[in-house]
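Written out below as structure tokens is the structure these notes cover.
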Amino acid sequence: RRPAPARPDPSSFLVEIQDARTLASLPSHAGILAARVGFAPVAEEALCARWDVYLRGTWGWGIGATGAIYLPHWAPDGTLTGCKLRDGTGGKQSLPGSRYENLYGSWLGRRHKAVLLTEGETDAIYAGWVAAEERIDIDVFAIPSGAQKTIEPQWLDFLRGASPIYLAFDPDEAGVGATRNWIEA
């Protein structure tokens with residue numbers, strides 16, 4: 001028997017994430033995050049630039065030298081726990097050692113009584129943008145790895161006292177199952 005290799009500590013790629021945020025903030029890259037993800041059309045430069053400020057400032061997104069978009073995850077205490085990467089072709093991966101144990105966006109804290117819970121990061125980000133634009137007092141978070149069967153106890157603790165909690169999951173089999181599990185929980 002051999003011991004399993006040690007997983008890297010996510011804090012070891014904090015510099016890489018910061019470099020990606022810095023690269024995304026360069027004037028030559030204005031609007032690149034929003035355009036690459038599809039939140040705003042490339043032709044609408046001012047809107048893309050506003051989106052990028054939101055993506056970098058609120059969610060900590062960045063872009064690497066190869067064009068991969070960095071989606072960091074933090075714990076409610078601000079500890080970096082992982083980072084997902086999205087390339088321009090729809091490919092998805094995580095930086096080594098990433099753990100997704102907390103609701104995405106939980107590091108932003110609870111500011112409102114109402115909560116909207118989505119199935120993924122981009123859903124949460126878009127819903128958060130719309131809520132801010134429409135001045136809707138609601139916190140938006142996402143299940144960190146899509147519709148899962150298991151609801152972690154720390155998620156319920158984090159959401160304790162929220163009312164109402166809106167569930168915005170996909171209408172596929174996994175989303176319907178997750179909706180049932182959350183209602184039961």
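Would you mind stating whether Ser25 is in contact with a strand residue (DSSP E or B) (Cβ under 7 Å, 6 or more places away or on another chain), of a type in the set (Gly, Ala, Ser) and crowded, with 16+ Cβ neighbours inside 10 Å? In short, no. Of everything in region 103-120, what is touching a residue at least 40 places away in the same chain (Cβ under 8 Å), open to solvent by 30 Å² or more (accessible area, probe 1.4 Å) and of a type outside the set (A, V, I, L, M, F, W, C)? Give them in sequence order. Hits for region 103-120 are Arg110, Lys113.
Applying the selection to region 121-132, what residues are open to solvent by less than 20 Å² (accessible area, probe 1.4 Å) and either at pLDDT 95 or above or hydroxyl-bearing (Ser, Thr, Tyr) (or both)?
Narrowing region 121-132 to residues open to solvent by less than 20 Å² (accessible area, probe 1.4 Å): 121, 124-125, 128, 131.
Scanning region 121-132 gives Ala124, Ile125, Gly128, Ala131.
Consider Pro72 carefully, then state whether it is in contact (Cβ under 8 Å) with a residue 12 or more places away in the chain, of a type outside the set (Gly, Ala, Ser), crowded, with 16+ Cβ neighbours inside 10 Å and on the phi < 0 side of the Ramachandran plot.
On the way: in contact (Cβ under 8 Å) with a residue 12 or more places away in the chain: yes; of a type outside the set (Gly, Ala, Ser): yes; crowded, with 16+ Cβ neighbours inside 10 Å: yes; on the phi < 0 side of the Ramachandran plot: yes.
For Pro72, the condition - in contact (Cβ under 8 Å) with a residue 12 or more places away in the chain, of a type outside the set (Gly, Ala, Ser), crowded, with 16+ Cβ neighbours inside 10 Å and on the phi < 0 side of the Ramachandran plot - is met.
Sort through Ala4, Ala43 and tell me the only one that's more than 27 Å from Asp139 (Cβ to Cβ), open to solvent by 40 Å² or more (accessible area, probe 1.4 Å) and modelled with pLDDT of 85 or more.
Of Ala4, Ala43, the one residue that is more than 27 Å from Asp139 (Cβ to Cβ), open to solvent by 40 Å² or more (accessible area, probe 1.4 Å) and modelled with pLDDT of 85 or more is Ala43.
For the condition outside any helix (DSSP H, G or I) and small (Gly, Ala, Ser), Ala49 does not qualify. Determine, yes or no, whether Leu71 is among the aliphatic types (A, V, I, L, M), under 30 Å from Gln154 (Cβ atoms) and touching a Cys at 6+ places or on another chain (Cβ under 7 Å). So Leu71 passes the test. Within the bounds of region 79-96, is there any residue that is open to solvent by 30 Å² or more (accessible area, probe 1.4 Å), assigned to a loop (DSSP other than H, G, I, E, B) and among the acidic types (Asp, Glu)? Scanning region 79-96, I find at least one residue that is open to solvent by 30 Å² or more (accessible area, probe 1.4 Å), assigned to a loop (DSSP other than H, G, I, E, B) and among the acidic types (Asp, Glu), so the answer is yes.
The values are calculated or read from the model by the stated rules, or taken from the named source; none is laboratory data. Source: prediction; values computed, not measured. Don't worry about glycine lacking a Cβ; one is built from the backbone with ideal geometry, like all the others, and counts go over all protein chains shown. Note: accessible area is taken over every heavy atom of the protein model, side chains too, but ligands, DNA and RNA are not part of it. Shrake-Rupley method; radii C 1.70, N 1.55, O 1.52, S 1.80 Å.
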